[in-house]
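Reviewing the structure listed below.
Every number in this text was worked out from the coordinates using simple rules, so none of it is lab data. Treat the numbers as computed from the prediction; the structure is a model and nothing was measured. Cβ: placed from backbone, ideal geometry, glycine included. Neighbour counts: every protein chain shown.
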Amino acid sequence: MKTLTILKPDDWHLHLREGPVLKNIIPFTSEYFGRAIVMPNTKIPITSIDSAISYKKTIVEALPGSSKFEPLMTMYLTDEADKRELISGFKNNVFFAAKLYPANATTNSSYGVKKIENLYEIFELMQDSGMPLLIHGEVTDTEVDVFDREEVFIDRELSPIAKRFPKLKIVLEHITTSYAVDFVQENNIGATITPHHLHINRNAMFFGGLNSDFYCLPVAKREKHRLALRKAATSGKECFFLGTDSAPHLRKWKAFCGCAGIFNSPVALESYLTVFEEENALDNFEKFSSLNGPKFYNVPPNKERIKLVSKPNKIVDFIDVFEQENIVGQIKPLHAGETLKWQVDGIVN
Ligand code: DOR
Ligand code: ZN
């Protein structure tokens, strides 16, 4: 049996939601991750210091008793974003970063930014104060093919931002193309890579009929892009780090409206490890999961370690969501019904 002991990882891109979903899913992350950057796209987005403080309180209250997990909060940028609120929230350690959603790019992004240049003054202040800018990198122009939206965003929006603000700490989130892999390396920015984009290509969405289980945004692309992402993630390069983009939607809603998002937090580490093993890169796993992110964000790595073992790990078909004693829904995890080869054994001190 192979084992791997690494510093406790962090999840640099996570959706925790609210209410019963939050309470039911948070242990999957808090058990084995030290910190997570929490996305602000709640039903009413997190656009102020007060709402971030109150959301963080709800998250901390939902944690299992002895958890030391730290949620890192983000401010959702809008066309009306208040620069004083943003910078004061960052300087007072309420916000860890700001998140840019182009309007209507994804789940709960209708309050997002319509004209990105209008935020240039804010980017200048963020650059000066060292506040990271996290970007959902897709254009929403309906004339642009869904599969080209990341690449077009890089050319139209990201490239001018990176040129104009060379010291701004930018993370291109959940990258899906070889174009993004190249851009990140050439422009001194960071990128998160999800487990699902390392496992599936766009065919998955059409497997056995129209299959919303594999619908997320940005959508998975062609096989050549998946292969480029696997190479990037397993390379050990400092600009690539773990961000699951775990995005739970109750099955009834996913089936009904095909909401974008894949729930992977119950299997994230095992899922990534499968890829690192297949790519003969287990030696680089700790860099991707536990070292590159802290280095990019200038925070110390976690101190505890976790042990991972290679033994068969059957993934459940559904996770039940309870409200008090009642099941209010189910969420399908990534790899549902599959048997993965790795398992987390626990924390080692
Ligand atoms: O697939 C996604 N789901 N992509 C996102 O950008 C948002 C997320 C969600 O919140 O559901
Ligand atoms: Zn996300």
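Laid out as a table, the results:
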| item | result |
| --- | --- |
| Segment 1-108: relative contact order as a whole-number percent, Cα under 8 Å and 6+ apart | 27 percent |
| Taking Met73, Met126, Met39, Met1 and counting other C-beta atoms within 10 Å, the order from fewest to most | Met1, Met73, Met126, Met39 |
| Relative contact order of the chain, defined on C-alpha pairs under 8 angstrom at six or more residues apart (%) | 18 percent |
| Net charge dipole size for segment 9-305 [Lys, Arg +1 and Asp, Glu -1 on Cβ; Debye, nearest 20] | 460 debye |
| Residue-averaged 222 nm ellipticity for the chain, from DSSP H runs of 4+ at -39500 (n - 2.57), nearest 500 | -8500 deg cm²/dmol |
| Full-extension gain in nm, Glu124 to Glu31, via 0.36 nm per residue minus C-alpha separation | 29.8 nm |
| Order of Ser110, Ser67 - criterion: other Cβ atoms within 10 Å of each residue's Cβ, fewest first | Ser110, Ser67 |
| Most positive-pole-ward Cα, Val113, Val299, Val184, against dipole of the chain from beta carbon charges | Val299 |
| Cα centroid separation, segment 151-214 to segment 1-51 (Å) | 20 Å |
| Residue order, fewest to most beta carbons within 10 Å, for Leu172, Leu282 | Leu282, Leu172 |
| Dimensions (Å) - segment 9-305, Cα atoms, principal axes, largest first | 48, 48, 42 |
| Mean-position separation - Cα centroids, segment 264-333 and segment 80-122, in angstrom | 28 Å |
| Radius 12 Å from Cβ of His136, net charge of other residues (Lys, Arg +1; Asp, Glu -1) | -3 |
